[in-house]
Each structure stands twice: as C-alpha cells, then as structure tokens.
2 protein chains.
Amino acid sequence: MAKNLLAKGYALTVYNRSSKPLAWFREQGVEVASSPAEGAKEADVIVTMLSDDAAVDAVLGGEDEGCLATVRPGTLVIDSSTVSPELVRALSRKFAARGAIMLDAPVTGSAPQARDGILTFMVGGPEEGFLRARPLFLAMGRNALHVGPSGAGSTVKLANNTMAALNMLAVAEGLSIVQRSGLDPEQFLDVIAGGGANNGMAVSKREKLLTGRFPPDFAARLMVKDLRLATNLSWELGVPLPGLALVASLYQMACQMGEGDSDVAGLLKIYGKLSGSGTGEA
Amino acid sequence: MAKNLLAKGYALTVYNRSSKPLAWFREQGVEVASSPAEGAKEADVIVTMLSDDAAVDAVLGGEDEGCLATVRPGTLVIDSSTVSPELVRALSRKFAARGAIMLDAPVTGSAPQARDGILTFMVGGPEEGFLRARPLFLAMGRNALHVGPSGAGSTVKLANNTMAALNMLAVAEGLSIVQRSGLDPEQFLDVIAGGGANNGMAVSKREKLLTGRFPPDFAARLMVKDLRLATNLSWELGVPLPGLALVASLYQMACQMGEGDSDVAGLLKIYGKLSGSGTGEA
C-alpha cells in the first residue's frame, strides 16, 4: 500500500513495528520515523494497516509513542486494519477531541490485491473525511465505498469475513463429499460455477484447493482473530449467529492442528484425508 | 422440462401422480398414461423428475405400476430427481437386469431455469447412456456433464446443495450483522460482489433477501429433504460435516417456524427482526 502511494507521487514518512520491511524504503530515500508519534508530527494524513486491536490501539492511541500524542488539528487518520467497531469508535472520539478526523477503512482483498493496487475500501466515518481520503484510496485500491458512520467500515468488514469463512466452510464440505466419493474435485468446481453453490472462495482459492498446498495470502490465524471480533460484535448486537460460532471453532481447530500460518483455504485439512474414497473408519 | 421437449419436436407420453399438471398436455393432444408402467411400455426413453426417494422408487421401481414392470430392453431411463446415490444404484442394477440403462441426472437450477430450458445436468451412469441422452439434456437445459458412474450425479448434486445451503447460511449471517448494525444491506451486497465473501445465493436471491419476501423457486422443505440425504451420505462416506449438520438443523427450524413452503432464502427469517439496530434482548 505504501509502495503504491509512493509510485503515485505521494511524499511519505514510514514506520513499522518490526524493522525488516523498512529497509526497502530507506534505500529509496523515504523518511523512516522512529515512532508512530514522530511519524504523525508533520503528517497531513496518517494511514495504518496493522494486525489487531492491541496493535492499532498502541500505534494510534498510545499515550507516549502513539500518533495521538502528536497529531495536528485537521489531520486525517485512516486505519485500514480489521479491528472491532468498538475500538474504532473510541479512537475516533479521541482524534476528534484533537481536531483530527478518523476513518475506519478496512479492505477486501489480501496481499496480492494490496500489491496490485486493486483493494476495495469499506469506509466508516464522516462524509467530509471520506471525500478528502478518496484520492488516497484510489491510489491504493480500485474502489472505496462510504458505508456509514465511524465503525461502519469495520462492521461491514467483519460481516464480509464472516461470509468468507462460511463460504470456505461450504467449499470444504462440498469438496469433502466429492473427494471421499472418489469423484473429480476439479470437475465439481466446474459444475458448480455459475450456480447457487458457487462462491468467492471456490473461485479465488481454486488452485490451493486442488493442489492441497496452502501458502498464505490470508493466514488462518488472522481469520480466527477476525471471527473472534465478529463473535464479540454479534453478542453486542444480540444477534445469534450459529454458523459463525461453528466456523470460528473449526478455524481454531485448524490452528491447533498447525495450520495457523496456512492460508484460510487450509480449513480443508481438518476434513481429513481427501483423496480417493474411504469409509472414514480409519 | 416436458414442455421444452415437446417444443423441440419430441413425441411424448406424460404421466404425473397428481392430475392437475396434465390438463395442459391433454389440451395439446399429448398422450397421457394412466400409470408409469403404461407410460413405459412403448418408451425409448423415460425421464422422471420427482420429489423424493419414495416417489422415485414407486414410479420407477414399483412392482406392479412402476416403469420397471414394463420397460423394454434398450430403453434409456433418466431420473432427474434429487435422491440418494444408494437408491440410484439399486434401481440402476434392476434396470440393467432388464437390459435398460439408467442415468441419474439431477439438475442445478430450479423452476425458472427449468421453464427457460437453462438447467445444468450432472449425470452419473454408463458413458454409452450419457452420449445417447445428451441431445435430450440439451433440449431441456444448456449443459450436461458426465461426472462418473451410477450414483455420481446424485452425489454431486448433494454436494452442490450442501454448498448452496451453507452459502445461504453465510448470506443470512452476513446480512444479519449488517442489518442489526443499522447499515444498508443493499450496499453491503454491492460491497461484497466480486470478492471472497460473495456467493451464488447472495446473487440469485438478492431481490428476495432485500424485500423480505420469499416466494418459492426452491422451497425450504425440499432443501431439508436434500440435506437429510447429504447427511446420510456423509455418514456412509465416514466424513464429518459439521457445517452440513448445523445448516440442516437450521432449515428444519425454519420449517418448524412455518417457512417450509418459503424459498430457501427464507432461512433469513430465523435470524429474527432484521430491520434497524437492536440489542437483541427482546
């Protein structure tokens, strides 16, 4: 995302909690901040992409080293992490008290879409901030949708990932029936294409599913984190989501089985030996 | 399906367990048989489309009145019902003993696709039978795939419907999060389009989901029947399918709540009041 901003001519100061990804930017002469607070000092716009609530709270809201400590009035804060709507709303209020506008702007798409600049941003927060941020979204992605007030972007992202996880469950179970019956999984994916049984995971994970190799574009352990956030949200909303409860448990099982760093499509592995037919008694 | 065959110039004799759908055919001068056995007597090809295992077993395999009683050697028997692979294989053996070839050829698509002649047939049985049947499939649909030996068509269909049901579960839970959060479900369906969260039910049931009206293209009670067959198959194969177990229970609950004759998209109704936000305490 930073590389795409750079390529479009934006002047950047970068920061990362681990230093390894910073080397490339140093080589390009990009300024590297020693802390989020230092990076925020002169910034017109702050963009964050981090792994979880704790990281976002520390980098944006940390009292000494966080961006909040030095943010200037009028600064636009864009968090593209997938975090709880609750955290987003709390941070948003803190930035607003400093005269800054915060947007929650998580993305659909994972590493390959970020690299290719074809992410879609789901944006929550004030309309004014969304309009200011739009050129940046379109420098990092191909689409940005204003979905509601602060927290709405996160909410839509959690709903999106709940569906993605359940789509993956659908694929895993459909393929399990077919493979255990000794039929051709590739032909099966062709048969379902275009109908009510098809889904975005069957399409985007096709090669991984058919080869049984799961290099991570989106790691199972990150899906577990998102499903936990979605579960918390479902309790706050008071809406029973039994599918979410099940698929969250199954992803936890996949992680316990050592698939945490596999792609989310590795959920297939908990269904056991998948080639050929069998009685399942083994 | 019969109307499409007629329109393509095939000479038909028709039979239906209830007489109402036969009136139209009588008016067109189409011969109406008084029993499956009578209809099968002179037939080169027998095509059946029935609601469940009991109906297929009676109409095709019934000892006195069933097609098996009068079928001629060389006759091609095509059953497009969604039934258990086990029943298909048993009937197939009985027809083979009479010199007839039976294919299991269930379809993807429901009433609208049948009417428009755009069904896809998933065909199990001998290659020879598949090749003979292909022109008929293409008169009733737009695609026919030979997926394996006897029972393979049914197996693929049950895997397909397991996925379709789980896709519907995904849609219902994603929409529940969004609607209970007070956000726009229509925009949500636009946001997810094209990504890993999208699926065939979100697309094909869009209008039903957004209006909350569920006139049946594929009734929930028929989905329950199919999920029961898929569950039986999963036990025969020895493959644990927790998603299937859950979604089968949820569809049973929907039927208990009076949604059995609603479209499968009516699963959404078991998630409670869906417009606006709420604490869910009510």
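The values are calculated or read from the model by the stated rules, or taken from the named source; none is laboratory data. From a predicted model like this one, the values you see are computed outputs, not experimental measurements. Every residue, glycine as well, gets a Cβ built from its backbone with ideal geometry; the counts of neighbours run over all protein chains shown. We work out accessible area using only protein heavy atoms, side chains counted, and drop any ligands, DNA or RNA first. Shrake-Rupley method; radii C 1.70, N 1.55, O 1.52, S 1.80 Å.
Within the stretch A:82-100, which residues are part of a helix (DSSP H, G or I) and either open to solvent by 70 Å² or more (accessible area, probe 1.4 Å) or under 19 Å from A:Lys157 (Cβ atoms) (or both)?
Correct list: A:Pro85, A:Glu86, A:Leu87, A:Val88, A:Arg89, A:Ala90, A:Leu91, A:Ser92, A:Arg93, A:Lys94, A:Ala97.
Which residue pairs have Cβ atoms under 6 Å apart, sit 6 or more places apart or on different chains, and have a first residue in the stretch A:96-111 that is more than 19 Å from B:Val191 (Cα to Cα) and a second that is modelled with pLDDT of 95 or more and open to solvent by 30 Å² or more (accessible area, probe 1.4 Å)?
Listed pairs, sorted by first residue: A:Gly99/A:Pro73; A:Ile101/A:Pro126.
Return the total of residues in the stretch B:199-219 being in a loop (DSSP other than H, G, I, E, B), within 19 Å of the chain's Cα centre (by Cα) and not charged (D, E, K, R).
So the answer is 4.
Within the group B:Ala23, B:Ala11, B:Ala58, which residue is assigned by TED's automatic domain parsing to the domain that holds B:Ala111, surrounded by fewer than 18 Cβ atoms within 10 Å (Cβ to Cβ), more than 22 Å from B:Ile118 (Cβ to Cβ) and under 21 Å from the mean Cα position of the chain (by Cα)? Give the derivation first.
Numbers: B:Ala23 fails: under 21 Å from the mean Cα position of the chain (by Cα); B:Ala11 fails: under 21 Å from the mean Cα position of the chain (by Cα).
From the options B:Ala23, B:Ala11, B:Ala58, the qualifying one is B:Ala58.
Please go through the stretch B:238-249 and pick out each residue that is crowded, with 22+ Cβ neighbours inside 10 Å and at the interface with chain A (Cβ under 7 Å from one of its Cβ atoms).
B:Val239, B:Leu241, B:Gly243, B:Leu244
What strands (runs of 3 or more DSSP E), lying completely within the stretch B:101-198, carry at least 2 residues that are in contact with a Ser or Thr (Cβ under 9 Å, 6 or more places away or on another chain), open to solvent by less than 10 Å² (accessible area, probe 1.4 Å) and not assigned by TED's automatic domain parsing to the domain that holds B:Leu60?
none
Among the numbered conditions (1) within 7 Å of another protein chain (Cβ to nearest Cβ); (2) at positive phi, tell me where A:Gly258 comes up short.
(1)
Could you go through the stretch B:106-124 and let me know if any residue there is in contact with a helix residue (DSSP H, G or I) (Cβ under 6 Å, 6 or more places away or on another chain), of a type in the set (Gly, Ala, Ser) and at the interface with chain A (Cβ under 7 Å from one of its Cβ atoms).
No.
Would the stretch A:239-260 turn up any residue that is assigned to a loop (DSSP other than H, G, I, E, B) and within 19 Å of A:Asp52 (Cβ to Cβ)?
Taking every residue of the stretch A:239-260 in turn, at least one turns out to be assigned to a loop (DSSP other than H, G, I, E, B) and within 19 Å of A:Asp52 (Cβ to Cβ).
Does B:Met223 satisfy the condition of being more than 21 Å from the chain's Cα centre (by Cα) and more than 30 Å from A:Asn143 (Cβ to Cβ)?
Against the criterion (more than 21 Å from the chain's Cα centre (by Cα) and more than 30 Å from A:Asn143 (Cβ to Cβ)), B:Met223 does not qualify.
Show the residue pairs that are 6+ apart or on different chains and have beta-carbon atoms under 6 Å apart, the first residue being within the stretch B:184-210 and at the interface with chain A (Cβ under 7 Å from one of its Cβ atoms), the second being open to solvent by 60 Å² or more (accessible area, probe 1.4 Å) and of a type in the set (Ser, Thr, Tyr).
Final answer for the pair search is B:Gly196/A:Ser204.
Would you check if A:Ile118 is farther than 14 Å from A:Val47 by Cβ and touching a strand residue (DSSP E or B) at 6+ places or on another chain (Cβ under 6 Å)?
Yes: the conditions hold for A:Ile118.
Hey, among B:Leu6, B:Leu68, which residue is assigned to a helix (DSSP H, G or I) and over 22 Å from B:Ala144 (Cα atoms)? Quick ask: steps written out before the conclusion?
Values: B:Leu6 fails: over 22 Å from B:Ala144 (Cα atoms).
Going through B:Leu6, B:Leu68 in turn, just one is assigned to a helix (DSSP H, G or I) and over 22 Å from B:Ala144 (Cα atoms): B:Leu68.
I'm trying to understand the selection: among the residues of the stretch A:172-183, which are touching a Leu at 6+ places or on another chain (Cβ under 7 Å) and facing chain B (nearest Cβ under 7 Å)?
From the stretch A:172-183, those touching a Leu at 6+ places or on another chain (Cβ under 7 Å) are A:172-173, A:175-177, A:179-181; that's our starting set.
Those that are touching a Leu at 6+ places or on another chain (Cβ under 7 Å) and facing chain B (nearest Cβ under 7 Å): A:Glu173, A:Ser176, A:Ile177, A:Arg180, A:Ser181.
What pairs can you find where one residue is in the stretch A:132-154 and in contact (Cβ under 8 Å) with a residue 40 or more places away in the chain and among the basic types (Lys, Arg), the other is in a strand (DSSP E or B) and open to solvent by less than 20 Å² (accessible area, probe 1.4 Å), and their Cβ atoms are less than 8 Å apart, with a gap of 6+ or different chains?
Close Cβ pairs (under 8 Å, with a partner that is in a strand (DSSP E or B) and open to solvent by less than 20 Å² (accessible area, probe 1.4 Å)) amount to A:Arg132/A:Leu76.
So which residues in the stretch A:26-55 are within 22 Å of A:Ser92 (Cβ to Cβ), among the hydrophobic types (A, V, I, L, M, F, W, C) and open to solvent by less than 20 Å² (accessible area, probe 1.4 Å)?
Result: A:Ala37, A:Ala40, A:Ala43, A:Ile46, A:Ala55.
State which residue pairs qualify: first residue touching a residue at least 60 places away in the same chain (Cβ under 8 Å) and inside the stretch A:64-83, second residue in a strand (DSSP E or B) and of a type in the set (A, V, I, L, M) in any location, beta carbons under 8 Å apart, and separation of 6 or more residues or different chains.
A:Ser80/A:Val47; A:Ser80/A:Val107
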